[in-house]
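The values are calculated or read from the model by the stated rules, or taken from the named source; none is laboratory data. Here the structure is a predicted model, which is why all the values come from computation and not from measurement. Glycine also receives a Cβ, built like all others from the backbone with ideal geometry; neighbour counts cover every protein chain displayed.
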Amino acid sequence: MLNALWLIPAAPFAGFVVNGLFGKRAGKSFVSAVAILGSLLAAIFGTVAVFQYHALYPHGERYVDLVYNWFSSGNVGADVAFQLDPLSVVMLLVVTWVGFLIHVYSVGYMHDDTGYFRYFAYLNLFLSEMLILVLGSSYLVMFVGWEGVGLCSYLLIGFYYKTDYAPAAGTKAFVLNRIGDFGFLIAMFLMFAYFGSVDFARVSQLAAGGGVEPWLLTAICLLLFLGATGKSAQIPLYVWLPDAMAGPTPVSALIHAATMVTAGVYMVARSNVLYRLAPDAMMVVAVIGGATALFAATIALRQWDIKKVLAYSTISQLGFMFIGVGVGAFSAGVFHLVTHAFFKACLFLGSGSVIHAMSGEQDMRSMGGLKTKIPHTYRTFAIATYAIAGLPLASGFFSKDEILASAWATPYFPTVGKIVWALGTIAAFCTAFYMYRLLYLTFDGKFRGTHEQEHHLHESPSSMVVPLWILAILAIFGGLLGLPEIFHAPNFIGSWLAGAVPEIPGAHHLIEIPAGSEWTVMIVSTLIALAGWWVARSMYKDKQLDTDRAIEQRVPGLARAVENKWYVDEFYGATVVGPLKQLSIFFWRIVDGIIDGIAAMLGYIVAGIGDLLRFFQTGNVRNYALMLFAGVVVFIWIFT
Amino acid sequence: MNWNDVAVLLPEIIVTIGASLLLLGPFLRRKPRPAGMSLGLGAGQPAEVSTGDESAKWWMLALLVITAISLIGVSWAAEGLALSAGFSQMFALDAFSIFFKLLFIVVIAMVALLSDDFLRESRYSAWEYYSLLGFALCGMMFMASGVNLITIWVGLELMSLSSYILAGYYKNEEKSTEAAMKYFILGAVSSAILLYGISLIYGVCGSLNLMDIEKSLSTLISNDALMFGIMLLAAGLCFKVAAAPFHVWTPDVYVGAPTPITAFLSTASKAAAFAIFARIFYSALHDFHLDWSNVLATVSALSMIVGNLAAITQTNIKRLLAYSSIGHAGYVLLGIISLSDWGIRGILIYTTVYVFATLGIWATILMMRRHEYAGEEIDDFEGLSKRAPFWAFAMVIFLLSLGGIPPTAGFIGKYYLFSAAIEAGYGWLAIIAVVMSAVSIFYYFKIVVAMYLREGKEADMVITRPLQVVGAVALAVTLIFGVLPAPLITQVEQSSHWMATRAAVPHVGR
Amino acid sequence: MIPTTWFLILGAILFSIGVCGVLTRRNGITIFMSIELMVNAVNLTFLAYARQFNQLHGLIFVFFIMAIAAAEAAVGLAIFISLFHHRETIDVDEANLMHW
């Protein structure tokens, strides 16, 4: 298997091809069989490869499977190659198995949809691209996957294209991701220009070898992080993710919670050598992560749409991951990525089950009292909520705690680290609060929907419930992968990932957390999480909606600002999209000869729009000729 | 002149004779046509479709195959010579020209296939049409091989005159005639400017041969007449490749011309213009790189900015592609500005890759062609993913390639060009290029959105066999050279080797 | 002997007159004649240089230019005739179906 790592992404890709070509004519059972087989094969291949890899390289060396030389010229080139190292092993297992579970879940969830084959074809393509992303051995191969998952994401966000908001949401995701990808591309060009390579190991080696100017490393790191803010929905490019909830719910679970959006975290962890050599860039990552964690958590406090709450929660949790990788605790960031994949996938799938039961209703104000109606969904949802809230001994508790403790103890920027810790801790309070608000409003109290909805309430089929339970179990026990040092228990994931964070001269290695501060941080976050839960419980468990009405009456302005997501969308609309459109129209009009040559251009600027109509003699060949000659004159003028 | 010279010229001779014979096509049939048909822009045309026109396509393809075979044969015979120049150094059969000639032949064959459906519907004579395409091909082949400004210019004019007529081929349609008129007037003006540039260069160097020009420039210090000459020459060439600010004709002509001819103008004719652009600036004018590079850098930046920004708001897909092609001209100019082995490779790779992706797009557009001018708005693409999933997917690949997203071939081309620019110290230009290709994805994505995220109209499509062939070839090339570019790169390295070494010759004079 | 520079200056003047003609006239044929004037200015320049160098190349190029200009005229006139069919005028300002 190790000699043919390409088979792992190839399996779901084959599923995509088969379903894309024949799915329309074939039946639903055929489509789902092909799709599930594709994802299952990827998972099995991946697992086998991991075991073989571990047997051969027990210390976490890097294994590269060169497929072929992509292109090379002189001493610069790039290979199509896949690699296994501790980091990609973790990602591989999470992506394939969570992906597989969500494929299974989708069979039940999408059962009545007309675009069944399209959905599974896209989903398989996504899985394939995601595997290319995590297995690629260079930034370039990673970028291929990066663009591929993006494309699938836009297509799946816009899946319900008959609604008016879904295509718009897809376009928005696309636009914001372009800005991020631009950063990624420039960073790659800088690497090509200064290192002559984009291979992970080669770039790390050259960067660590010394003699590289600090500004260059900082620039590369910041540009890469710009890419990460787009893909992983961080400030300032996060606004697409809440809208992305327009897609089918399993897609939200797989792409917009568990896998694709964590690609940015993966990239930063992957580039840990570069980042550790550029502490300024790390600080930016940590601060942005902390700010995003808190900011998104506050927005989630007052959302009514069940998926919107989870979307903002995802942004906030991604912020936690960036705190982790930003303060230098790369394994903690990745650990949180893993646990988050478990409990957030479980929550999203659970919300999908709720929506399924509610015949498509997503507003929590119409829910309530579902506890007894859909018991499996309720139990799994409660477990996952417990985990994400960071309550003791569940997975989120350990991973979040390790991140916050690392932020407290970071050797890179001790003062800023404390501030980031504070941001994260407040965000953790909000997390516990909004998650329990969601749980109580949905499952407790009395049913607030219509009679018809109440009549239709039903538990989901077993193809949906089984994945829920598996994920819920993982959400509880996933934390055992990374127990903190003070428990004197092995930290599997930490020691495993240590292999991906090589020691380099002139930079810190792993973060040493003193036992005292570890205890302090752990106790503080436990108390904080408990406080969040307790406040939510006292406010919502019995009173339900009355509380929010009361809040609105007491502090109307702030509540409205939070409810309207701090007006960020409006800000973007006014400052970015509008002027760009204006500029485009400006160029479009001028260039095509509406305006009579350069003289008229001046006239346009001076006389303004009023006189513009006079120059609407379009498509005139003599004006074109004038531009030609003007061009020649400008040529000679530049020249001399 | 000896027989060797004639042998070197064999493919061109075949094309010329073949294209002339195609003109006689209508007389080969039993029932003679009414008079007036043998003039491309004559008055009348017959009312009913004649079956004789069907065979024209096959004759044309046969001609192209023979030409390709003779070209390959001749190039084998001439192997070993780095540069075999015949006819008193007027005409060279080198690896560079062979690369481009083969590309031209393939592209013309694909354009001929694209035209099939159009000709059947439009009821104009297919024989003249293919004959004109043949003459245009002949001109392009001379352009690729010309090492003397006379040859180059005559080839250029032969191509241009044929394309003026072809742009106005839809003579019942006023738009088409208007496009031809605009193209003709502006083309003639630019040709005059180009000629003036050539005459000044001739006056300074005393020769029209590129090698002699190079020699005399290597000992020359900058002088005004020469600078004027180079600038005018560059302006004329920029017109042909549709680089801003000489791009004004492009949108109108692309929209007005019959769609297959737009495909021809945006691919073959552009590639040919870049071939001579590269040849002249790499092999003759490289010593004055410092002087012309800044001007061309401005042109390149302007083309990328204007082309891509203006394309954003377009709703007509032909116009959109016209603006986008202006942007692409800007990218290719990076290769000329950087004047290095990477640059010339980039030009060759990008031209190839761009040509195929663009032809694929035109094939897809033609599939939706209903009644002469329909199928041109972006709206017409709505719901294509439902109506023709395969071609919608192919369209996505073509657009990704134009946008330079890996693993499509367009990425490899952009990679070479942008790296060349960075290497040559034009980092700012490379940044503009990256920003503008990011912008270009916006309007390409508009088409993807229409195809995948919009409710489709119930319009039927004409997916004919020739269009399928063109689309499939373009798709295969775009994907294969994206995933496995090594063969293309090896070929390009060989083909551009000589030119790259010319560019590296140090300047003696200053 | 008249110095070459004089011919060159005359050529430049003729070329500029041609440019002005293209820019100011609206009749298609007149525009085309102006273009021909530009081309002939180039011919004059070539001839002047060829005389100075006492060389054949320039002269040969002039013949080519003349031949191609004739072909160009044929194509151009055909296009204008076609335009006339549609509009009954060859005023180029009238032809602006396509814009922005």
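Does A:P236 satisfy being outside any helix (DSSP H, G or I) and at negative phi?
Yes; evaluated as a whole, the condition is true for this residue.
Please work out which residue is modelled with the highest pLDDT, limiting yourself to region A:616-631 and to residues that are of a type outside the set (A, V, I, L, M, F, W, C) and under 48 Å from the mean Cα position of the chain (by Cα).
Going through the qualifying residues, I end up with A:G631.
Just checking: which of the helices (runs of 4 or more DSSP H) contained wholly in region B:226-309 hold 3 or more residues that are within 14 Å of chain A (Cβ to nearest Cβ)?
The helices (runs of 4 or more DSSP H) meeting that bar are B:249-256.
Exactly one condition in (1) farther than 22 Å from B:I344 by Cβ; (2) crowded, with 24+ Cβ neighbours inside 10 Å is not met by B:Y282; state its number.
The one condition B:Y282 does not meet is (1).
Can you work out which of the residues in region B:156-198 that are within 7 Å of chain C (Cβ to nearest Cβ) and among the hydroxyl-bearing types (S, T, Y) is nearest to the chain's Cα centre (by Cα)?
The selected residue is B:Y164.
Suppose we keep only residues that are more than 14 Å from the chain's Cα centre (by Cα) and surrounded by 24 or more Cβ atoms within 10 Å (Cβ to Cβ) within region B:340-359. Which one would you say is farthest from B:K270 (Cα to Cα)?
Going through the qualifying residues, I end up with B:W342.
Return only the number of the condition from (1) closer than 21 Å to B:P11 by Cα; (2) surrounded by fewer than 24 Cβ atoms within 10 Å (Cβ to Cβ) that B:I108 does not satisfy.
Single failed check for B:I108: (2).
Based on this model, can you work out whether A:A498 counts as surrounded by 14 or more Cβ atoms within 10 Å (Cβ to Cβ), at pLDDT 80 or above, under 30 Å from A:G352 (Cβ atoms) and small (G, A, S)?
Judged against the criteria, A:A498 is not a match.
For region A:300-322, indicate whether the set of residues that are closer than 18 Å to A:A409 by Cβ and surrounded by fewer than 24 Cβ atoms within 10 Å (Cβ to Cβ) is non-empty.
no
Just name the residue that is nearest to A:A341 (Cα to Cα) out of those in region A:289-318 that are under 17 Å from the mean Cα position of the chain (by Cα) and among the hydroxyl-bearing types (S, T, Y).
So the residue we want is A:T314.
Exactly one condition in (1) among the aliphatic types (A, V, I, L, M); (2) surrounded by fewer than 20 Cβ atoms within 10 Å (Cβ to Cβ); (3) closer than 30 Å to B:Y415 by Cβ is not met by B:V462; state its number.
(3)
Regarding C:E36, is this residue surrounded by 15 or more Cβ atoms within 10 Å (Cβ to Cβ), among the acidic types (D, E) and either facing another protein chain (nearest Cβ under 8 Å) or within 19 Å of B:A167 (Cβ to Cβ) (or both)?
no
Condition test on C:I31, is it within 25 Å of B:W153 (Cα to Cα), away from chain A (no Cβ under 12 Å), aliphatic (A, V, I, L, M) and touching a residue at least 24 places away in the same chain (Cβ under 8 Å)?
Taking the combined requirement at face value, the residue does not satisfy it.
Look at region B:124-155 and say how many of its residues are part of a helix (DSSP H, G or I), facing chain C (nearest Cβ under 10 Å) and in contact (Cβ under 8 Å) with a residue 60 or more places away in the chain.
Number satisfying all stated conditions: 3.
When region B:395-426 is examined, which residues are found to be among the small types (G, A, S) and at the interface with chain A (Cβ under 8 Å from one of its Cβ atoms)?
Taking region B:395-426 first, the residues among the small types (G, A, S) are B:401, B:403-404, B:409-410, B:413, B:419-421, B:424-425.
Of everything in region B:395-426, just one residue is among the small types (G, A, S) and at the interface with chain A (Cβ under 8 Å from one of its Cβ atoms), namely B:S419.
Provide a single number: the residues in region B:209-225 that are without any contact (Cβ under 8 Å) to a residue 40 or more places away in the chain and away from chain C (no Cβ under 11 Å).
The number of residues fulfilling the criteria is 4.
Against the definition (within 12 Å of chain A (Cβ to nearest Cβ) and surrounded by fewer than 22 Cβ atoms within 10 Å (Cβ to Cβ)), how does B:I312 come out, yes or no? Quick ask: steps written out before the conclusion?
On the way: within 12 Å of chain A (Cβ to nearest Cβ): yes; surrounded by fewer than 22 Cβ atoms within 10 Å (Cβ to Cβ): yes.
Here the answer is yes, as B:I312 does meet what is asked.
Any residue at all in region A:202-217 that is at pLDDT 85 or above, in contact with a Gly (Cβ under 8 Å, 6 or more places away or on another chain) and closer than 19 Å to B:V434 by Cβ?
Within region A:202-217 (the criterion being at pLDDT 85 or above, in contact with a Gly (Cβ under 8 Å, 6 or more places away or on another chain) and closer than 19 Å to B:V434 by Cβ), the answer is no, since none of the residues qualifies.
Within region C:5-13, can one find any residue that is at the interface with another protein chain (Cβ under 10 Å from one of its Cβ atoms), hydroxyl-bearing (S, T, Y), free of Cβ contacts under 8 Å to residues at least 40 places away in the same chain and out of contact with any Pro (no Cβ under 7 Å at 6 or more places or on another chain)?
no
For region B:494-506, check the following and say yes or no: at least one residue is within 13 Å of chain A (Cβ to nearest Cβ), crowded, with 23+ Cβ neighbours inside 10 Å and assigned to a loop (DSSP other than H, G, I, E, B).
Taking every residue of region B:494-506 in turn, none turns out to be within 13 Å of chain A (Cβ to nearest Cβ), crowded, with 23+ Cβ neighbours inside 10 Å and assigned to a loop (DSSP other than H, G, I, E, B).
What number of residues within region B:203-221 satisfy the criterion of being among the β-branched types (V, I, T) and in a loop (DSSP other than H, G, I, E, B)?
Total satisfying the criteria: 2.
Being more than 8 Å from chain C (Cβ to nearest Cβ) and either within 19 Å of B:K240 (Cα to Cα) or among the β-branched types (V, I, T) (or both) is the filter here; which residues of region B:199-208 pass it?
Within region B:199-208, B:I201, B:V204 meet the criteria.
Got a sec? Which of A:I179, A:I157 is within 10 Å of another protein chain (Cβ to nearest Cβ) and surrounded by 24 or more Cβ atoms within 10 Å (Cβ to Cβ)?
Details: A:I179 fails: surrounded by 24 or more Cβ atoms within 10 Å (Cβ to Cβ).
The unique qualifying residue is A:I157.
Just to be sure, is A:K28 farther than 25 Å from A:K344 by Cβ, within 14 Å of chain B (Cβ to nearest Cβ) and in contact (Cβ under 8 Å) with a residue 40 or more places away in the chain?
Considered against the rule, which asks whether it is farther than 25 Å from A:K344 by Cβ, within 14 Å of chain B (Cβ to nearest Cβ) and in contact (Cβ under 8 Å) with a residue 40 or more places away in the chain, A:K28 comes out as no.
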